[in-house]
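Asker: For reference, the structure I am asking about is given below.
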Amino acid sequence: MTIPSEYYLILSAILFFIGIFGFFTRRNLISLLISTELMFNAVDINFAVFNAYSHTDYLEGYIFTLFGIGIAAAETAVAIAIIINVYRNMHTIHIKKLRELKH
Amino acid sequence: MEETTNIIIFGILSLLMVAAAVAAVISSKIMRAATYLLFVLFGTAGIYFSLFYTFLGAAQITVYAGGIVVLFVFAILLIGKGSVDITHTSKLRYLAGLATSAAGLSLTIYLIRSTSFVTGKFSSAGVSMEKLGNTIMGTDKYNFVLTFEVLSILLLACMVGAILIARKK
């Protein structure tokens, strides 16, 4: 036993809430995507840490993190395709000016 | 002695990650934000290495740092002049976001500190590739072949969808 697992959990909580803060304050679609990636990373760290510290005989958290990385790649590809399409049609990705889908 | 080294390495890694995450969230140029995100992703890979999950760290570097950040950079370069983000346009929104995340963070840290987690034996041997492959591709209990196949279909659908959405009419 080296580092207490609480240290890892607190680190991932800090990263998660930095991502939340970015999601609240950023006004640009790509920045919002970067913030969600930060949150996603924090969740992945949690899975791996719980598997390493309290569930060592099985590999659930490990596999979840591995599949989560794959799903994050797919999600980012689709989101960036959507953002590029939005930019091509409306010539902006500033979320204040994207009002057509709201109503 | 070894424990002190581990603590120091973890401290350096977590400081780097938190600083890069804050910089990624508050920097006004999106290209810089993507670069700082890259440092956070490398730090996460370091965390996996420090848990002796080497394959996970390698996958993190390959997929995230090699794939997703490149996608981000391509998108930022394609979008060009729209990619300057003026943060905190409204002071009130900035403060509200800060207060919300600080409150949530302190609540989460309080809950983590006041919970006693069940800790098993932390093994520094890591996970052998044989066990990992058997777990992913096996069909027994606690094995994940169905998830693996569903994930492959999801990736195929994402590829088709991304091409369909981003294609020029």
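Asker: Just to be sure I follow the definition: excluding the sites themselves, where is the longest run in chain A that has none of the trypsin sites (Lys or Arg not before Pro) in a DSSP loop with at most 10 other Cβ atoms within 10 Å?
Answerer: Numbers: sites that count: A:LYS96, A:ARG99, A:LYS102.
In short, A:1-95.
Asker: Same structure again: First obtain the Kirkwood hydrodynamic radius of the protein assembly as shown from its Cα pairs, then insert it into the Stokes-Einstein equation at 4 °C and 1.567 mPa s, and state the resulting D in µm² per second as a whole number. Don't jump to the answer; show the numbers that get you there.
Answerer: Working: Rh = 19.8 Å.
Answer from the Stokes-Einstein relation: 65 µm²/s.
Asker: Right, here's the next one. Give me a comma-separated list of calculated 3J(HN,Hα) values for region A:36-49, in order, Karplus coefficients 6.51, -1.76, 1.60 applied at θ = phi - 60°, integers in Hz, x for any Gly or Pro.
Answerer: Result, ordered by residue: 5, 5, 4, 4, 4, 4, 4, 5, 4, 4, 4, 4, 5, 5 Hz.
Asker: Further question on the same structure: Considering amide H positions built from the backbone, and no H for Pro or chain starts, which residues 5 or more places from A:ASN28, or on another chain, come under 5 Å of its amide H?
Answerer: Counting only residues 5 or more places away or on other chains, the set is A:ILE95.
Asker: Okay, moving on. Report the longest stretch of chain B that contains none of the chymotrypsin sites (Phe, Trp or Tyr not before Pro) sitting in a DSSP loop with at most 14 other Cβ atoms within 10 Å. Before the final figure, lay out each step's value.
Answerer: Values: sites that count: B:PHE117, B:TYR142.
Formally, the longest exposed-site-free interval is B:1-116.
Asker: What Kirkwood Rh does region A:30-79 have if only Cα atoms enter the pairwise 1/r average? Answer in Å. Don't jump to the answer; show the numbers that get you there.
Answerer: Working: mean 1/r = 0.0871 Å⁻¹.
Mean inverse Cα-Cα distance, inverted, gives 11.5 Å.
Asker: What's log10 of I(q)/I(0) for chain B at q = 0.11, 0.14, 0.16 Å⁻¹, Debye sum over Cα points only, no solvent?
Answerer: -0.77, -1.16, -1.31
Asker: Given 4 °C and 1.567 mPa s, compute D for region B:128-169 with the Stokes-Einstein relation, Rh being the Kirkwood radius over Cα pairs; round to the nearest whole µm²/s. Before the final figure, lay out each step's value.
Answerer: Values: Rh = 12.0 Å.
It comes out at roughly 108 µm²/s.
Asker: In a Gaussian network model over chain B where Cα atoms closer than 10 Å are linked, find which of B:ILE136, B:ILE76, B:ILE61 has the largest mean-square fluctuation.
Answerer: B:ILE136
Asker: Per residue and in cubic angstrom, what volume does the convex hull of the Cα atoms of region A:5-90 have?
Answerer: Values: hull volume 5.2 nm³, N = 86.
Spelled out: Cα convex hull of region A:5-90, divided by residues, is 61 Å³.
Asker: Mean-square fluctuation check for chain A, GNM, Cα pairs under 10 Å: which of A:ILE34, A:ILE82, A:ILE18 is largest?
Answerer: A:ILE82
Asker: Shifting gears a bit: What's the average, rounded to a whole number, of partner chain beta-carbon atoms within 10 Å of each residue's beta-carbon in A:33-39? Could you put the intermediate results ahead of the total?
Answerer: Details: counts 7, 13, 5, 0, 9, 10, 0.
Going residue by residue through A:33-39 and averaging, the value is 6.
Asker: From Cα pairs below 8 angstrom and at least 6 apart in sequence, can you work out the relative contact order of region B:1-103, rounded to a whole percent?
Answerer: On the way: 77 pairs, mean separation 25.8, N = 103.
Relative contact order, region B:1-103: 25 percent.
The numbers here are math on the coordinates, done by the rules we state, and not lab data. Every value quoted in this text rests on a predicted model; they were computed, and no experiment measured them. Counting neighbours? That spans all protein chains shown, and the Cβs are built from the backbone with ideal geometry, glycine included.
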